[in-house]
Amino acid sequence: MVSIAFTGGGSGGHIYPGLAVAFYIKKQISCRIFWIGSGTEKFRSAVEKAGFEFFGIPAGKLRRHFSLQNFADIFKVAAGFFAARRILKREKPALLFSKGGFVSVPPCAAAASLGIPVFTHESDLSPGLATKINIRFAKKIFVPYEEALAFFPPSFKKRITVSGNPIRPEFRAADPAKGRAFLGAAREDRILLVLGGSQGAREVNDLIRASLPKLRELFFVVHQTGPLNDWELQPADRYKPYPFIQDELPHVIAAADIVLGRSGAGTLWENAALGRPMVLIPLSGSGTRGDQVENARYFEKAGAALILPGKPASPEKLLKILTALAEDEPRRKAMAAASARIGAKDGAALIAEAVIGALEGRA
C-alpha cells in the first residue's frame, strides 16, 4: 500500500487544512497517511483523533527578528531535519505534503534529500517564511488566490497552482437550520456571530463588551469568547457567549447573517465557503508579519468584507458599521455573493486530486 507523509504545524491553521486534504485522499484511494510534526500534545491528539499516525520531531521556531532564542533553535531545526530524515527513510512515503508552519521546514528538506517529491500549500495571500524556504524543495506549490502569484519569483510560477484553501468537509455540508436550532434563535432573528479566535482575542472581546447593549437591539449575538478571556458575561436575552463552539460551528456560521472576527486564512475561507458577509478586525502589530491585514484587504477589495478601521478599533466605529449593515439587506446579500464566489474553489479536493495524480503518474 502506498504511503503519503504530511507535515505542518505551529497552529491549528496548519493542522486542520492538512487533515482536510488527507480525508479527501483517503476517500478516493487506498493508502496509508502519516503526519510528521512537533511533539505538542494538542497537535498530536488532533491528528491521532482523525485516525492518522503521528511522528514527533524536534521543532525550532523560525523568526524574522533578532532573538537569542534563534541560536538555540538552529540546533532544534537541525535535529528536526535528521529526525525527519530517519522517519522518511524508514516509512518510505511516495510523496510529502506540507501545510506549512515552522515545523514543516525540516521534513521538506529531509524529503528532498531523499528524492521524495514535496508538495506544499500556502494559506495566506503572501508566503510566510516557512513557505519561502519550502518552495525550494517543492515540485508543486499551491496558493489560495491568483493574486498570490505576484509574491513568488518568476522561476517558480510554472510549479504553482491556484487551489483555494482546504477546509474540513463538514463546512461545505453545513445546515443553517441546524445552527439556529442549536442556538435557539428564531427564524426572524438577525444573527451576528463573533469569532474571537481559538484562544480568544481580548481586543474583539472588549469591543463586544462595550457595544453589547446596542448590539442586542440589532442582532441575536453569538460570541465565541475563547477559553482565556479575563472577564465573564452571562447569557442574556439575544446574547449567547461560548468559550468555544465545536462540532456545531459549521452550522452556526451557516446561520449567521454577519460574521465578525479576525482574518486568519482558515477562518476566512470557512466563512467564504458558506457565503457569509464579514466584518474583520485583522491582527496587526509587531507580533505578526501582517498576513491578516493582507487577507482582510483582499476580501474587502472583493466586496466580501468590511475592515473595522482604527488602531485600536473603537466601539463607536464597530456600531456604525454593524448598524449600517443591519439596515441594508441588499448590501449584505451582495457581500454574501462575493464571499461565496471566493469560497467556491474546493481547495481540499483540488490539492488531493493533484497528489493522487502524481501518485498515479498523471502529474
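FYI, it's all coordinate maths here, none of it is from the lab. What you see is a predicted model; the values in this text were computed from it and never measured. Don't worry about glycine lacking a Cβ; one is built from the backbone with ideal geometry, like all the others, and counts go over all protein chains shown.
Just need the relative contact order of region 1-51 here, percent rounded to a whole number, with Cα pairs under 8 Å and 6+ apart. All intermediate terms of the calculation are to be shown ahead of the outcome.
Values: 46 pairs, mean separation 24.8, N = 51.
Relative contact order comes out at 49 percent.
Residue separation times 0.36 nm, minus the C-alpha to C-alpha distance between L114 and S45: what's the value? Each step should come with its number before you reach the end.
Values: separation 69, 0.36 × 69 = 24.84 nm, distance 2.82 nm.
Length gained, L114 through S45: 22.0 nm.
How far apart, in nm, are the 7 Å Cα→Cβ label points at E329 and L149?
4.1 nm
For Cα extents along the principal axes in Å, one of [x] 68, 54, 40; [y] 70, 43, 41; [z] 61, 46, 39 was computed from the structure I shared and the rest are decoys. Which label?
Entry [z].
Taking θ = phi - 60°, what integer Hz values does the Karplus form 6.51 cos²θ - 1.76 cosθ + 1.60 yield along region 201-218, in sequence order, with x for Gly and Pro?
10, 4, 4, 5, 4, 5, 4, 5, 4, 6, 9, 4, x, 6, 4, 5, 6, 8
Please list, or write none, the aspartates and glutamates whose alpha carbon is within less than 13 Å of the alpha carbon of K157, excluding same-chain residues fewer than 8 places away.
Partners found: E146, E147.
Tell me, what is the percent relative contact order of the chain, built from C-alpha pairs under 8 Å that lie six or more residues apart?
Details: 716 pairs, mean separation 55.5, N = 363.
Computed over the chain, the figure is 15 percent.
Name the residues whose placed amide hydrogens come within less than 5 Å of the amide hydrogen of F54, ignoring near sequence neighbours (fewer than 5 apart) on the same chain.
Here the answer is W35, since their amide H atoms fall under 5 Å of that of F54.
In a GNM of the chain with a 10 Å cut-off on Cα contacts, which of R209, R190, R262 has the highest mean-square fluctuation?
Of R209, R190, R262, the Gaussian network model singles out R209 as fluctuating most.
Hey, what do the phi angles of region 266-280 turn into as Karplus ³J(HN,Hα) couplings, whole Hz, using 6.51/-1.76/1.60 and θ = phi - 60°, x for Gly and Pro?
Here the 3J(HN,Hα) series is x, 4, 4, 6, 4, 5, 5, 4, 9, x, 9, x, 10, 10, 10 Hz.
Please report, to two decimal places, log10 I(q)/I(0) for region 170-343 at q = 0.12, 0.15 Å⁻¹ as given by the Debye formula with identical point scatterers on the Cα atoms and no solvent.
Results for region 170-343 at q = 0.12, 0.15 Å⁻¹ read -0.48, -0.78.
Pull up all non-local amide H partners of F142: gap of 5 or more, or a different chain, and H-to-H distance under 5 Å with H placed in the peptide plane.
Residues meeting the criterion, in which the H sits 1.01 Å from N, are T120, H121, E122, T161.
Please report the relative contact order for region 170-343, taking Cα pairs under 8 Å with a sequence separation of at least 6, and give it as a percent rounded to a whole number.
24 percent
How many angstrom lie between the Cα centre of region 102-124 and the Cα centre of region 249-266?
Taking the Cα centre of each part, region 102-124 and region 249-266 sit 31 Å apart.
Under a crude label model (7 Å from the Cα following the beta-carbon direction), how far is D237 from D175 in nanometres?
Rounded to a tenth, the inter-label distance reads 3.1 nm.
Which number gives the lysine pairs in region 170-343 that have C-alpha atoms under 19 Å apart and are eight or more places apart or on different chains?
7
Could you compute the FRET efficiency for K157 and A340, with r as their C-beta to C-beta distance and R0 at 22 Å, rounded to 0.05?
Working from the Cβ atoms, E equals 0.20.
What are the ³J(HN,Hα) couplings of region 22-30, residue after residue, when phi is run through the Karplus curve with 6.51, -1.76, 1.60 and θ = phi - 60°? Round to Hz, x for glycine and proline.
Those phi angles translate into 4, 4, 5, 4, 4, 6, 9, 9, 7 Hz.
Would you mind checking which residues have amide H under 5 Å from S3's amide H? H placed 1.01 Å from N; only 5 or more apart, or other chain.
The answer is R32, A94.
With angles folded into 0 to 90 degrees, how steeply does helix 69-91 sit against the dominant principal axis of the chain? Use alpha carbons for both and round to 10.
Taking Cα atoms only, the helix is inclined about 60 degrees.
First check a/c for region 255-324, with a ≥ b ≥ c the square roots of the eigenvalues of its C-alpha gyration tensor; if it is under 1.5, answer rounded, and if not, answer prolate when a/b is larger than b/c or oblate otherwise.
Numbers: a/c = 1.90, a/b = 1.07, b/c = 1.78.
Here region 255-324 falls in the oblate category.
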